[in-house]
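Colleague: Shown below is the structure under consideration.
The values are calculated or read from the model by the stated rules, or taken from the named source; none is laboratory data. Quantities reported herein were computed from a predicted structural model and do not represent experimental measurements. Don't worry about glycine lacking a Cβ; one is built from the backbone with ideal geometry, like all the others, and counts go over all protein chains shown. Keep in mind that these areas ignore ligands, DNA and RNA; they rest on the heavy atoms of the full protein, side chains included. Shrake-Rupley method; radii C 1.70, N 1.55, O 1.52, S 1.80 Å.
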Amino acid sequence: MIPQPPPAIVTSINGSSGLEPLIRRFQTDEQGLERFYDLPFSKSARARKRLLWKETRTRLDALRWDSLDTSARVDALLLDGYLNHQEAQEKLA
């Protein structure tokens, strides 16, 4: 049996499933980058992490806030705070 690709994230996060698909994808991508780049402060690793943060922020900004339940809104705020923290830490490095 050939595995089917996951549904588009924007479709999933605007439905009843909340932010779980977006958060899981972000965590998986971030962990993959950490495994791939052995030197966390290399220019290429930092550039790729910045791109991941930018892509995730774009997806987060595309959410229809009114359609999210309270739990999903809290998740969105926590993810936004995490991205802000990572970007601030990057500027200090």
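Colleague: List, in order, the whole-Hz ³J(HN,Hα) value for each residue of segment 59-75 obtained from phi through the Karplus relation with A = 6.51, B = -1.76, C = 1.60 and θ = phi - 60°; use x for Gly and Pro.
Modeller: 5, 5, 5, 7, 5, 8, 4, 5, 8, 8, 7, 4, 4, 5, 5, 4, 4
Colleague: Cα convex hull of segment 23-93: mean projected area in nm², to one decimal?
Modeller: For the Cα atoms of segment 23-93, the hull's average projected area reads 4.8 nm².
Colleague: Can you send over the solvent-accessible area of LEU39, 1.4 Å probe, protein chains only, in Å² to the nearest 10?
Modeller: Here the accessible area works out near 120 Å².
Colleague: How much solvent-accessible surface does THR58 expose, in Å² to the nearest 10, with a 1.4 Å probe and all protein chains in place?
Modeller: 80 Å²
Colleague: Between beta-carbons, use under 12 Å as the cut-off and find the net charge around SER44, counting Lys and Arg +1, Asp and Glu -1.
Modeller: Values: positive: LYS43, ARG46, ARG48, LYS49, ARG50; negative: ASP38.
For residues surrounding SER44, the net value is +4.
Colleague: Counting other Cβ atoms within 10 Å, keep those with at most 13, restrict to DSSP loop, and tell me which chymotrypsin sites (Phe, Trp or Tyr not before Pro) in segment 19-93 are left.
Modeller: PHE41
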